[in-house]
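The values are calculated or read from the model by the stated rules, or taken from the named source; none is laboratory data. Quick caveat: nothing in here was measured; it's all calculated off a predicted structure. Please note: Cβ atoms are built from the backbone with ideal geometry, for glycine as well, and neighbour counts cover all protein chains shown.
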Amino acid sequence: MFSIDIIANGNFILLRPIFITLFALALTLFLLLVYKSHLVNGWYLLFTSTAIMLVAGQLLYFQGVIVDEFALDGDPFITYFTLATVLLCIINPLYFFIQPVEKREA
C-alpha cells in the first residue's frame, strides 16, 4: 500500500494538490484569454474567475481551521498559491474588458 503524507515539517500539506489545480485552472484561463480570446466570453470569464476565487478562499479558511484544531503550522506555500490564484482571477476580467472588441472577436 501507499501512504498519503498530510504533514511535512510540521506543516499541513494535504490540500496542496487542490490549490495547485485551482492555480492551474486560473492560469489556463488566462493563457486561453491571451492567445485564443475569441473562445471566451465575458460571462463565462466572470463566473469562472469568481468561482475559482471563492473555492480558493474557502479552502484557505478551512485549512486554517484544520491547522488550528490539530495545533499544526500553516503552509506558506498554500497562502502564496491562494494569493497568486486570486491575483490571476482579478487580472483575467480586467484584461478581457480592457482589450478592444475587435481583438476579442477575431
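So is ILE66 surrounded by 12 or more Cβ atoms within 10 Å (Cβ to Cβ) and at pLDDT 90 or above or not? Considered against the rule, which asks whether it is surrounded by 12 or more Cβ atoms within 10 Å (Cβ to Cβ) and at pLDDT 90 or above, ILE66 comes out as yes.
Scanning the range 13-33 for residues that are exposed (fewer than 11 other Cβ atoms within 10 Å of the Cβ) and of a type in the set (A, V, I, L, M) returns a single hit, LEU31.
Looking across the range 6-60, the residues that are out of contact with any helix residue (DSSP H, G or I) (no Cβ under 9 Å at 6 or more places or on another chain), farther than 23 Å from PHE97 by Cβ and in a helix (DSSP H, G or I) come down to PRO17, THR21, ALA24, GLN58.
For the range 15-26, what are the residues that are over 16 Å from LEU54 (Cα atoms) and in contact (Cβ under 8 Å) with a residue 12 or more places away in the chain? Reasoning before the result, please.
Here is the first cut: in the range 15-26, the residues over 16 Å from LEU54 (Cα atoms) are 16-17.
The one that is over 16 Å from LEU54 (Cα atoms) and in contact (Cβ under 8 Å) with a residue 12 or more places away in the chain: ARG16.
Of everything in the range 36-55, what is at pLDDT below 90 and either surrounded by fewer than 16 Cβ atoms within 10 Å (Cβ to Cβ) or out of contact with any Lys or Arg (no Cβ under 6 Å at 6 or more places or on another chain) (or both)? Give them in sequence order. Full working, then the answer.
Pass one, the range 36-55, residues at pLDDT below 90: 36-42.
Of everything in the range 36-55, those that are at pLDDT below 90 and either surrounded by fewer than 16 Cβ atoms within 10 Å (Cβ to Cβ) or out of contact with any Lys or Arg (no Cβ under 6 Å at 6 or more places or on another chain) (or both) turn out to be LYS36, HIS38, LEU39, VAL40, ASN41, GLY42.
Residue-wise test of (1) assigned to a loop (DSSP other than H, G, I, E, B); (2) under 13 Å from ARG16 (Cβ atoms); (3) without any contact (Cβ under 8 Å) to a residue 24 or more places away in the chain; (4) not aromatic (Phe, Trp, Tyr).
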site	(1), (2), (3), (4)
ALA71	yes, no, yes, yes
PHE77	no, yes, no, no
LEU88	no, no, no, yes
ILE91	no, no, no, yes
LEU94	no, no, yes, yes
